[in-house]
1. Under the rule a/c < 1.5 gives rounded, and otherwise a/b versus b/c splits prolate from oblate, where does segment 16-114 land using the Cα gyration tensor?
2. With each pseudo-label sitting 7 Å past Cα toward Cβ, what's the E73-A22 distance in nm, one decimal?
3. Starting from the Cα of E57, move 7 Å in the Cα-to-Cβ direction to define the label point; list residues of segment 68-111 whose amide nitrogen is under 19 Å from there.
4. With a probe of 1.4 Å, find how much accessible area segment 97-143 has per residue, and write the answer as a whole number in Å².
5. Tell me the Kirkwood radius of segment 62-143: reciprocal of the mean inverse pair distance over distinct alpha-carbon atoms, in Å.
6. Pairs of alpha-carbon atoms within less than 8 angstrom and 6+ residues apart define the contacts here; what relative contact order does segment 1-84 have, in percent?
7. Kindly report the accessible area of segment 1-93 per residue (heavy atoms of protein chains, probe 1.4 Å, no ligands, DNA or RNA), in Å².
8. Under 30 Å between C-alpha atoms is the cut-off here; go through the chain and count lysine pairs that meet it, provided they're at least eight residues apart or on different chains.
Amino acid sequence: LQPGFSFKVRGAYNKMAHMPAADIANGVVAHAVGSHGEGVAIAGHKLGVPTTIVVPEQTSTWKQKGLERLGAEVVRHGRTHDAAVAKALDLSKQTGRPVVPSFDDPLVIAGQGTVGLEVLRQMTSKPPHAIFVCCGGGGLLAG
């Protein structure tokens, strides 16, 4: 199984692995309400890059502790995802740390899209007629 049990780590890792080392040496920032934060934290841990994950205030303690166990600094801000996004962008501007987006980035999309390649490689007979995909932000489907 992939780390974090979600395709999100694929996109976060691909994005961060392609960023210039000098750009991420002081860390990255992400905003998350779901598995993206965990994906960024796992990628940061593997790459030795500090991570700051901004989550809405009502995010569960369980989720926060999980991110912290992966080495992420967790910042609780606002009641909505939009407020967390705004705070992440503000932190990025203040610190110079780049934001790792959850879906709207070509390198994130390419990393998440490796799921489709993996499905096709595992097909032992003819390819399927259709693959059904849940769609939130669209990063997995775009990949």
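The values are calculated or read from the model by the stated rules, or taken from the named source; none is laboratory data. Nothing here was measured: the structure is a model prediction, and the numbers come from that model. Cβ sites come from the backbone with ideal geometry, for glycine too, and all protein chains shown count toward neighbours. The protein model used for the area step is the full one, side chains on, heavy atoms only, and it has no ligands, DNA or RNA in it. Shrake-Rupley method; radii C 1.70, N 1.55, O 1.52, S 1.80 Å.
1. Verdict is rounded for segment 16-114.
2. My value for the distance between the label points is 2.3 nm.
3. 74-91
4. Details: 3160 Å² over 47 residues.
Heavy-atom SASA per residue in segment 97-143 reads 67 Å².
5. Numbers: mean 1/r = 0.0640 Å⁻¹.
By the Kirkwood definition, the hydrodynamic radius is 15.6 Å.
6. Computed over segment 1-84, the figure is 28 percent.
7. Values: 4830 Å² over 93 residues.
Accessible area per residue: 52 Å².
8. Number of lysine pairs found: 19.
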